[in-house]
Amino acid sequence: MSIIQFPKGMKWGVATASYQIEGAANKDGRGPSIWDTFAKTPGKVVNGDNGDVACDSYHRYKEDVEIMEDLGVDFYRFSVAWPRIFPDGTGEVNKEGLAYYHRLVDELLEKGIQPMCTLYHWDLPQVLQDKGGWDNRETIEAFEKYAELLFREFDGKIKHWITINEPWCVSFLSNFIGAHAPGLKDFQLGMNVAHHLLVAHGKAVIKFRKLGIEGEIGYAPNVEWNEPYSDNQKDIDACTRASAWFLDWFFDPVFKGSYPEFLVNWFKEKTGAALKIEDGDMEIINQPVDFVGINYYTGSVSRYAEDEGLFDLEKVDAGYLKTDIGWNIYPEGFYHILKKISDNYGDIPIYITENGSCYNDEPENGRVRDTGRIEYLKKHLVSLQRSLESGVNIKGYLTWSLLDNFEWAEGYTMRFGIVHVDYRTLERTKKDSYYWYKQTIANNFFEI
Ligand code: BGC
């Protein structure tokens, strides 16, 4: 048996996002978001599910905070629904929307839990999408105003801010692959959106500093690791390209003030798409951040395959165990990514803002025996510990997710929570993984 011990001062938490848990979609002046529209478009979400009710955390937030108090977390990462604050995207503020987040934040602070607030976790006001969404630079201005309002409103209460969650998903997954709202399929569009998101992020950081807001600000890219199948240079190059789509594309501009040239050229050659950068954009993006949030779930062994997909790459079935959503369990990739970030971008403080797994275990006699999730957590925390030992500056770990919730295009069919939600009764049941995590937090170590 060995003990995996974490450093003193290690922070622990759980994460959620507004559209996935809040429900109350038409309550208290909330405007429609692109996810309301997308979910209600036939064929986009499994079973035609939508977030109208979700976990109803909008009404049950006290119960959810109480669960977190029992769990013993330092941080709760949640997101604000932009259309609750500005139902029209910009302009008139909806006071009732703000009041909800005050209630939530006050409750957290009272229980000694630090709020970590994500400004954008995908629920763009539909009115903005109607004018082009993130392809339209007016959305950047609207985001800046929205960010400013929240900074001013919650200054002194919220001290950890995340601008954009998973810019890769918002841009390429949603506008090139078309799997998420708004469901478009155009590579140039994906590239424009990615760039505009980074500019919006930079503008929010500048505003945060200018206003002298107390606390720290960062962003939360999702990363995936492609391990080369062999030492063949072609395999290595194809994997480098594919991993860089998540990593370098969203890190180089922020930390180095430029895009990775090799990928810019690759995209030009493969798709004809080119960056559309305006004067001053790169300086805006290249703002020092206080931390970076990392969302990691999976990785693959991959190899070169001529004309296969965007990168001339195919995944190899290397026999890894998979979670119920079909993603490889690949904790080594977690270590490689963290190591690469610290090698390439310096000693930047890192929070793991999401890491978790999908297992669809149901309660039996009031107990949810989600051993798969516990194993997943253990393996990834071993990799995390390995990264810490090799000098990566990791400040905290937040698992995804507190609750089973609306899993985007998968609707309610895929469960990521450490707390089970019965979507008919909205009853919460703590899973075995919850109790395991609770003990790990209390001890700051676990045994394997
Ligand atoms: C997102 C979450 C999502 C999770 C599992 C991340 O991509 O930020 O909203 O539920 O992964 O798919």
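The values are calculated or read from the model by the stated rules, or taken from the named source; none is laboratory data. Remember, predicted model here, so these are calculated numbers, not experimental data. A quick note on method: Cβ atoms are made from the backbone with ideal geometry, for glycine too, and the neighbour counts reach across all protein chains shown. Heads up: the accessible areas ignore ligands, DNA and RNA and are worked out on the full protein's heavy atoms, side chains in. Shrake-Rupley method; radii C 1.70, N 1.55, O 1.52, S 1.80 Å.
Being assigned to a loop (DSSP other than H, G, I, E, B), of a type in the set (Gly, Ala, Ser) and under 16 Å from Pro125 (Cβ atoms) is the filter here, so list the residues in the stretch 2-23 that pass it.
Matches in the stretch 2-23: Ala17 only.
Look at (1) within 23 Å of Ser79 (Cα to Cα); (2) buried (at least 16 other Cβ atoms within 10 Å of the Cβ) and you find that Thr413 fails only one, number (2). Can you name the residue in the stretch 125-160 that is within 23 Å of Phe176 (Cβ to Cβ) and not in a helix (DSSP H, G or I) and is also least open to solvent (accessible area, probe 1.4 Å) among such residues? Here the residue is Pro125. Scanning the stretch 379-400 for residues that are of a type in the set (S, T, N, Q) and open to solvent by less than 20 Å² (accessible area, probe 1.4 Å), we see that the one that is farthest from the ligand (Cβ to nearest atom) is Ser387.
When you scan the stretch 41-64, do you find a residue that is hydroxyl-bearing (Ser, Thr, Tyr) and within 25 Å of Lys131 (Cα to Cα), even just one? Looking through the stretch 41-64, at least one residue is hydroxyl-bearing (Ser, Thr, Tyr) and within 25 Å of Lys131 (Cα to Cα).
Being open to solvent by less than 20 Å² (accessible area, probe 1.4 Å) and more than 16 Å from the ligand (Cβ to nearest atom) is the filter; apply it to the stretch 302-323 and report the residue that is nearest to Asp186 (Cα to Cα).
In this case the residue turns out to be Phe311.
Taking the residues in the stretch 101-124 that are within 16 Å of the ligand (Cβ to nearest atom) and open to solvent by less than 10 Å² (accessible area, probe 1.4 Å) as candidates, determine which candidate is farthest from Tyr76 (Cα to Cα). Write out each step before concluding.
Our first condition is that a residue be within 16 Å of the ligand (Cβ to nearest atom); within the stretch 101-124, this holds for 116-124.
Of the ones still in play, those that are also open to solvent by less than 10 Å² (accessible area, probe 1.4 Å) are 116-121, 123-124.
Working: Met116: 6, Cys117: 8, Thr118: 11, Leu119: 14, Tyr120: 16, His121: 15, Asp123: 19, Leu124: 22 Å.
That would be Leu124.
If Gln439 passes every condition in (1) open to solvent by 30 Å² or more (accessible area, probe 1.4 Å); (2) out of contact with any strand residue (DSSP E or B) (no Cβ under 6 Å at 6 or more places or on another chain); (3) over 23 Å from Pro115 (Cα atoms); (4) more than 13 Å from the ligand (Cβ to nearest atom) but one, which one does it miss? That leaves (3) as the condition not met. Do we have any residue at all in the stretch 361-378 that's within 14 Å of the ligand (Cβ to nearest atom) and within 26 Å of Ile217 (Cα to Cα)? No, because not a single residue in the stretch 361-378 is within 14 Å of the ligand (Cβ to nearest atom) and within 26 Å of Ile217 (Cα to Cα). Does the stretch 335-348 include one or more residues that are within 16 Å of the ligand (Cβ to nearest atom), surrounded by fewer than 23 Cβ atoms within 10 Å (Cβ to Cβ) and not hydrophobic (A, V, I, L, M, F, W, C)? The answer is no; no qualifying residue exists. Looking only at residues in the stretch 195-223 that are aliphatic (A, V, I, L, M) and open to solvent by 10 Å² or more (accessible area, probe 1.4 Å), the one that is farthest from the ligand (Cβ to nearest atom) is Leu211.
Would you be able to tell me the number of residues in the stretch 295-325 that are out of contact with any Asp or Glu (no Cβ under 8 Å at 6 or more places or on another chain) and either under 27 Å from Tyr335 (Cα atoms) or modelled with pLDDT under 95 (or both)? Total meeting the criteria: 14. All conditions in (1) among the polar types (S, T, N, Q); (2) in a loop (DSSP other than H, G, I, E, B); (3) open to solvent by 50 Å² or more (accessible area, probe 1.4 Å) hold for Gln287, with the sole exception of (3). Just one of the numbered conditions (1) open to solvent by less than 20 Å² (accessible area, probe 1.4 Å); (2) charged (D, E, K, R); (3) part of a loop (DSSP other than H, G, I, E, B) is not true of Asp231: (1).
Looking at this structure, is Gly9 surrounded by 20 or more Cβ atoms within 10 Å (Cβ to Cβ), away from the ligand (no atom under 16 Å from the Cβ) and among the small types (Gly, Ala, Ser)? Spelling it out, it is not the case that Gly9 is surrounded by 20 or more Cβ atoms within 10 Å (Cβ to Cβ), away from the ligand (no atom under 16 Å from the Cβ) and among the small types (Gly, Ala, Ser).
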